[in-house]
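**Student:** If you scroll down you'll find the structure; I have some questions about it.
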Amino acid sequence: MKLIGRNDSGARPTPAKGTGTARVAGAGEPPDGADTEAWAISPEDTQRSLPTQRTSSLTGGPEEATGSGPERLVHVSAQQLLDAIGPYGTAPAAESGEEETSFESALAAREQAALESRHRQAADGGDANAASQLGALLLRRGDLEDAEPYLRSAAAAGLRAAANNLGVLLHQRGHRAEAAQWWRQAAVAGSAPAAHALGLQLRDQGEEEAAEYWLHFAAEQGHPLGAYALGDLMEHRRDVRAERWFRVAADAGHREAAYRLARMREAAGDKETAETWYRTAAARSHARAALRLGVLLEERAQRDPSCADEAARWYRQGAQNGEARAACALGFLLRDAGDPNAAAEWWRQAAEAGDGMAANALGALHASRGEATEAERWYRVAMDANDHNGAFNLGLLCASTGREAQAEQWYRRAAYAGHREACNALAVVLLQRGDESGAAPWFSKAAEAGSVDGAFNLGVLHAGRGEQQQAQEWYARAAAEGHGEAALQLAVVQEQRGNLTAALERYRQAAAGGSAEGAFRLASLLDRRGDADAEAEHWYAVAADAGHRRAQVRMGVRAAERGALEIAESWYRRAAEAGSRSAAFNLGLLLARQDSEAEAMLWYTRAADAGHGRAALRLALLALRRGEPQQAEGYCRRATEYGPAEVAERAARLLGALHAELSA
């Protein structure tokens, strides 16, 4: 079992759920009360007191237009502003620790106060337009009590901007029913922002049909928030028209709409168009779009390595804009590029922001360096982030340091949380302890949850019980997911049944899945057929490179047959040093032919000590040549015991001759 590090870097980020608002008509708008100009918003920001829009709002962000929501404004009166700025061109002395007020800000504040004073004088004289603009100004500043009578007066006079803003004010105060009435009045008069706000409120109340009507009205008037909200509502209902409205909003500068549109195109398999929209949203500082763009580019980097640098740039932008998963992905990219120290810095940033995958990656990095204490600390951080890989990795860490009881506890904790590999690991522990009845349900749970190792192990469990049909079913399931050893088991059964075509197919699957034994058996079967020598040699080499000793011996034999004695000796040595008695004997023969008798004797002895009959017989003959009949007798007896039959027969004849000579 391997440490859990990176899950699919292409873990798919899900659209965040935020909030939204109606627009407050601004002071200085045309006298007719027009309030329908299109403007973009920042989808990650929040608006606490207006109807919720799933992923967008008014305040903050680089896309925010002028005329932002009232919570952004300072709660001061006009007189307070005049008192603050003093005479024209002067600024109050800065208090200790504060910078002096700039000339420009002082001038702006003075002009704002003067504007408010003019509006108030005109409004108090009965000017409805002035009342509307004064109410909007006060609403922006958060002075709701002062704003309300002016907005009511202007709304009663039929100004739709005032009706819309009165709805905003009432909604902030919690009077949602009356807010809806004023929004409806403004919307009927043609106000797109009011139609948008009314649509959101109706949607939140579950009146989706009416909500769609008003959101559609706002969208048709060119209101990007309305278009986005309409697309959001339609996507929720799986309406294919959602894409159209997301596109309208995205074209108007709505970055969350661009992101959602990209997600839809990616889900449809149109990655080229998706990338275009991810770029649009990411260029507007959308953190999740930068993450997804980085993922697409990293996937492409497998074909075009130059894309890796661009992926890193977008990951970095996403991370700098607060997307922890982008920081985590950047860490993996840097690790794969050979810079684990830089990777650790980004993982640390992501982990401290609550990303469990990054915490696990940090833990795995420390574990690979032998820093068990630090590894355990980060695995616990992952657990605190509700990442069950943390508990599983703690189990692996404890097992690697001999703390078996603690390992079982962590496996059990992760297994009960549904971690499929922890289920498999726990089952292995129980089975090794002899608790087959306890292991079986955990193997089943792991396999049913999609653990390939769990499916294979469940097959092994059934095979051990003699339940071959069930075993084959689980082996087949594991093999379908690329498990080489499972494919090997299926291949062996097919070969035993004489179905060599099916056996070859399964052996190839096993070899492709990394099974050295599968590669060796595939080569052996091809070798016996005699019509695919080159392919047979290829698979012998694959198995030999993976450390398969019999394959290494076979490679040595084939090299020796070609006269490539140095290559043959190399393969024999690798296998012999790994414990192959056949390789040791063959190496002895090769060295003897090269007049290296002393070293040859060492390898014959090692082979004979490991139970190789031919090596024992060869040592007996060599002992006779040296005139050591008693030593020869001992090796003859061992050769008779070890076999095979041919060797045992020759050793017996030699032993009989020795007895006759010794007794003569």
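The values are calculated or read from the model by the stated rules, or taken from the named source; none is laboratory data. None of these values were measured; they are calculated from a predicted model. Positions of Cβ are generated from backbone atoms using ideal geometry, with glycine treated the same way; all protein chains shown enter the neighbour counts. Just the protein is used for accessible areas: all its heavy atoms, side chains included, with ligands, DNA and RNA removed. Shrake-Rupley method; radii C 1.70, N 1.55, O 1.52, S 1.80 Å.
**Student:** Please find the FRET efficiency linking Glu178 to Ala157, where r is the Cβ-Cβ separation and R0 is fixed at 22 Å, and quote it to the nearest 0.05. It would help to have the intermediate numbers written out before the result.
**Tutor:** Details: r = 18 Å, r/R0 = 0.81.
So the FRET efficiency works out to roughly 0.80.
**Student:** Among 497-506, 283-292, what's the highest-first ranking by average C-beta atoms within 10 angstrom per residue?
**Tutor:** Result, highest mean first: 283-292, 497-506.
**Student:** Report the extension gain between Ala283 and Ser596 in nm, rounded to one decimal, defined as 0.36 nm multiplied by the number of residues separating them, less their alpha carbon distance.
**Tutor:** This chain segment gains 105.4 nm when fully extended.
**Student:** Using the Karplus curve 6.51 cos²θ - 1.76 cosθ + 1.60 with θ = phi - 60°, what ³J(HN,Hα) values do you get for each residue of region 474-483, in whole Hz, with x for Gly and Pro?
**Tutor:** 6, 4, 5, 5, 5, 4, 4, 9, x, 7
**Student:** By per-residue mean of other Cβ atoms within 10 Å, what is the highest-first order of 539-551, 556-568?
**Tutor:** 539-551, 556-568
**Student:** Could you derive backbone 3J(HN,Hα) for region 431-447 from the dihedral phi with the Karplus parameters 6.51, -1.76 and 1.60 (θ = phi - 60°), listing whole Hz in sequence and x where the residue is Gly or Pro?
**Tutor:** In residue order, the calculated couplings are 5, 5, 7, x, 9, 5, 5, x, 6, 3, x, 6, 4, 5, 5, 4, 5 Hz.
**Student:** Starting from the Cα gyration tensor of region 350-398, multiply each eigenvalue by 5, take the square root, and state the resulting semi-axes largest first in whole Å.
**Tutor:** 16, 11, 7
**Student:** Something else: What FRET efficiency, computed as 1/(1 + (r/R0)^6) with R0 = 25 Å and r the Cβ-Cβ distance, is obtained for Asp270 and Asp339, rounded to the nearest 0.05?
**Tutor:** Details: r = 34 Å, r/R0 = 1.36.
Taking R0 as 25 Å, the efficiency between Asp270 and Asp339 is 0.15.
**Student:** Here is a follow-up. Before I look further, what does region 481-559 give for accessible area per residue, probe 1.4 Å, in whole square angstrom? Write down the numbers at each step before the final one.
**Tutor:** Working: 3600 Å² over 79 residues.
That works out to 46 Å² per residue.
**Student:** Then there is this: Residue-wise, which Karplus ³J(HN,Hα) couplings in Hz belong to region 279-296, taking 6.51 cos²θ - 1.76 cosθ + 1.60, θ = phi - 60°, and x for glycine or proline?
**Tutor:** Each residue of region 279-296 in turn: 4, 4, 5, 5, 5, 9, 6, 7, 5, 6, 5, 4, 4, 5, 5, x, 4, 4 Hz.
**Student:** In whole Å, how far is the Cα centre of region 378-411 from that of region 223-300?
**Tutor:** Their Cα centres are 39 Å away from one another.
**Student:** While we're here: What is the spin-label model distance, in nm, from Gln468 to Glu649 if the labels are put 7 Å beyond Cα along the C-beta direction?
**Tutor:** Once both label points are built, they end up 3.3 nm from each other.
**Student:** First compute the accessible area of region 338-424 with a 1.4 Å probe, then give the percent of it belonging to carbon and sulfur atoms.
**Tutor:** 46
**Student:** Mind running the shape call on region 218-355? Use the C-alpha gyration tensor, a ≥ b ≥ c as the square roots of the eigenvalues: rounded below 1.5 for a/c, prolate if a/b tops b/c, oblate otherwise.
**Tutor:** Working: a/c = 2.75, a/b = 2.00, b/c = 1.37.
Prolate, since a/c reaches 1.5 and a/b exceeds b/c.
**Student:** Return a whole-number percent for the relative contact order of region 510-640, with Cα pairs under 8 Å and 6 or more residues apart as the contact set.
**Tutor:** Relative contact order comes out at 13 percent.
**Student:** What percent does the relative contact order of region 338-453 come to when contacts are Cα pairs within less than 8 Å and at least six residues apart? Provide the component values of the computation, followed by the final result.
**Tutor:** Details: 155 pairs, mean separation 17.0, N = 116.
Normalised by residue count, the contact order of region 338-453 is 15 percent.
**Student:** Working only with C-alpha atoms, what are the Rg and Dmax values of region 174-271, expressed in angstrom?
**Tutor:** Considering region 174-271 through its Cα atoms, Rg and Dmax are 13.8, 46 Å.
**Student:** Right, another one. Need one number: nm distance between label points at Gln432 and Arg369, each 7 Å from Cα along Cα→Cβ, rounded to one decimal.
**Tutor:** In this crude label model, Gln432 to Arg369 measures out at 2.8 nm.
**Student:** For region 515-651, what does the alpha-carbon gyration tensor say about shape, rounded, prolate or oblate, given a ≥ b ≥ c as the root eigenvalues, a/c under 1.5 as rounded, and a/b over b/c as prolate? Intermediate results must be reported in sequence, preceding the final value.
**Tutor:** Details: a/c = 2.43, a/b = 1.89, b/c = 1.28.
The shape class here is prolate.
**Student:** Continuing with the same structure: Given a cut-off of under 8 Å on Cα pairs at least six residues apart, what relative contact order in percent is computed for region 440-517?
**Tutor:** That works out to 22 percent.
**Student:** Glu561 to Ser400: FRET efficiency via 1/(1 + (r/R0)^6), r the Cβ-Cβ distance, R0 30 Å, to the nearest 0.05?
**Tutor:** Step by step, r from the Cβ atoms, then E = 0.10.
**Student:** If you don't mind, there's one more thing I want to ask. How much of the accessible area of region 445-485, in percent, comes from carbon and sulfur atoms when a 1.4 Å probe is used? All intermediate terms of the calculation are to be shown ahead of the outcome.
**Tutor:** Values: 890 of 1930 Å².
Exposed carbon and sulfur together represent 46 percent of the surface.
**Student:** So, one more: Roughly how many percent of the accessible protein surface of region 567-664 is carbon and sulfur, given a 1.4 Å probe and a whole-percent answer?
**Tutor:** Values: 2560 of 5200 Å².
Result for region 567-664: 49 percent of the exposed heavy-atom area is carbon or sulfur.
**Student:** To the nearest 10 square angstrom, what accessible area does Asp204 show with a 1.4 Å probe?
**Tutor:** Here the residue's solvent-accessible area equals roughly 80 Å².
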